[in-house]
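Novice: My questions will all concern the structure given below.
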Amino acid sequence: MSSLVFFIERIAEGLYILCAGGILFMAYRLRRARRELSVAQFKLEREQALVRQANAITFGGLLLEFAIAVWAIANMMAPTLRDIRLGDTGPVVQLQQFVTSTPVAGPPISLGNTGGQIEGPNVFATPIPTMTPVGTILPDASEPVGCSQDSAWMLIPGNGQLIFEATTVIGTASVSNFAFYRFEIKEDVSGTEFGVIGGNYTEPVVEGPLGEILPFGFAPGRYRFRLVVFDNTNMMRALCEITIHFSDPPPTPTPIGGSEAVTPTP
């Protein structure tokens, strides 16, 4: 049911045009039927003119009621369903808090014979909250563009994140009169244009999974990646643009030893 409501919302303008054209045509037929009725001389002619007049009034009224129903769906039902859906979608991603050991500035730690105690500066476990998502962040990223947490926003990937495997994009894509959102990407080189990857997504998302980035097929390097949100007039309403880096997967460590280990001959 909700899919039908959102579909009608997207094509509402086209339905208004069709209804207006039909109503104008019925008005023309009504005027013609009345003119025929006014000049009819025989009973059969008058009856036919009256039937055409009644049909024109009936179909015109039905088209008008249909246009009113489309307006109610697009401007009342669809926003209400969207608000209910967004209200039921709680935050599904929580930032992790990393705890690191931070040494105090000072001379190197002395491990001399001090009666079982280690001399040197104290080491404190300091909780450091971070906004860094899972993954490696490289320091040479350009500034994000857009990225409003209420409309178009990405938590993962973070600005400057290194990506070498399929990565789930997590964030928000939601505007009033929402129609769809999509991902676009280009090399971080002047003169290049954004291209669409992954197609269109027709359901709004608030702090949840938006889709996936697949680095396969892209040359290693720095790229500009953006989330673009459109309304039901196909106009871009919000975007979030960041820098990401594609690289080859890190090599898998090869274990040494076991039955294949070779012992050198003395």
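A quick yes/no check of all residues on (1) in contact (Cβ under 8 Å) with a residue 24 or more places away in the chain; (2) small (Gly, Ala, Ser):
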residue	(1), (2)
175	yes, no
182	yes, no
186	yes, no
190	no, yes
200	no, no
204	yes, no
219	yes, yes
235	no, no
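Novice: Looking at the stretch 1-25 only, could you name the residues that are within 17 Å of residue 75 (Cα to Cα), among the small types (Gly, Ala, Ser) and either over 50 Å from the mean Cα position of the chain (by Cα) or at pLDDT 85 or above (or both)?
Specialist: 12, 14
Novice: Would you check which residues across the stretch 145-170 are crowded, with 19+ Cβ neighbours inside 10 Å, touching a Leu at 6+ places or on another chain (Cβ under 9 Å) and within 12 Å of residue 226 (Cβ to Cβ) and list them?
Specialist: Of everything in the stretch 145-170, those that are crowded, with 19+ Cβ neighbours inside 10 Å, touching a Leu at 6+ places or on another chain (Cβ under 9 Å) and within 12 Å of residue 226 (Cβ to Cβ) turn out to be 147, 152, 153, 154, 169.
Novice: So which residues in the stretch 26-56 are exposed (fewer than 14 other Cβ atoms within 10 Å of the Cβ), under 52 Å from the mean Cα position of the chain (by Cα) and not hydroxyl-bearing (Ser, Thr, Tyr), if there are any at all?
Specialist: 27, 31, 54
Novice: On the basis of being part of a helix (DSSP H, G or I), of a type in the set (A, V, I, L, M, F, W, C) and touching an Asp or Glu at 6+ places or on another chain (Cβ under 9 Å), does residue 49 make the cut?
Specialist: Values: part of a helix (DSSP H, G or I): yes; of a type in the set (A, V, I, L, M, F, W, C): yes; touching an Asp or Glu at 6+ places or on another chain (Cβ under 9 Å): yes.
When the stated conditions are applied, residue 49 passes them.
Novice: Still on this model: Quick check: anything in the stretch 114-137 modelled with pLDDT of 80 or more, more than 30 Å from residue 13 (Cβ to Cβ) and either in contact with a Phe, Trp or Tyr (Cβ under 6 Å, 6 or more places away or on another chain) or among the hydroxyl-bearing types (Ser, Thr, Tyr) (or both)? Show your work before the answer.
Specialist: Our first condition is that a residue be modelled with pLDDT of 80 or more; within the stretch 114-137, this holds for 136-137.
Remaining after also requiring more than 30 Å from residue 13 (Cβ to Cβ): 136-137.
In the following step, the residues that additionally are either in contact with a Phe, Trp or Tyr (Cβ under 6 Å, 6 or more places away or on another chain) or among the hydroxyl-bearing types (Ser, Thr, Tyr) (or both) were identified as 136.
Yes, the stretch 114-137 contains at least one residue that is modelled with pLDDT of 80 or more, more than 30 Å from residue 13 (Cβ to Cβ) and either in contact with a Phe, Trp or Tyr (Cβ under 6 Å, 6 or more places away or on another chain) or among the hydroxyl-bearing types (Ser, Thr, Tyr) (or both).
Novice: Given 189, 169, 175, which one is over 23 Å from residue 138 (Cα atoms) and not assigned by TED's automatic domain parsing to the domain that holds residue 74?
Specialist: Details: 189 fails: over 23 Å from residue 138 (Cα atoms); 169 fails: over 23 Å from residue 138 (Cα atoms).
The conditions single out 175.
Novice: Among the residues of the stretch 145-187, what is the count of those that are under 23 Å from residue 249 (Cα atoms) and hydroxyl-bearing (Ser, Thr, Tyr)?
Specialist: 2
The values are calculated or read from the model by the stated rules, or taken from the named source; none is laboratory data. What you see is a predicted model, and the numbers here were worked out from it, not measured in a lab. Cβ sites come from the backbone with ideal geometry, for glycine too, and all protein chains shown count toward neighbours.
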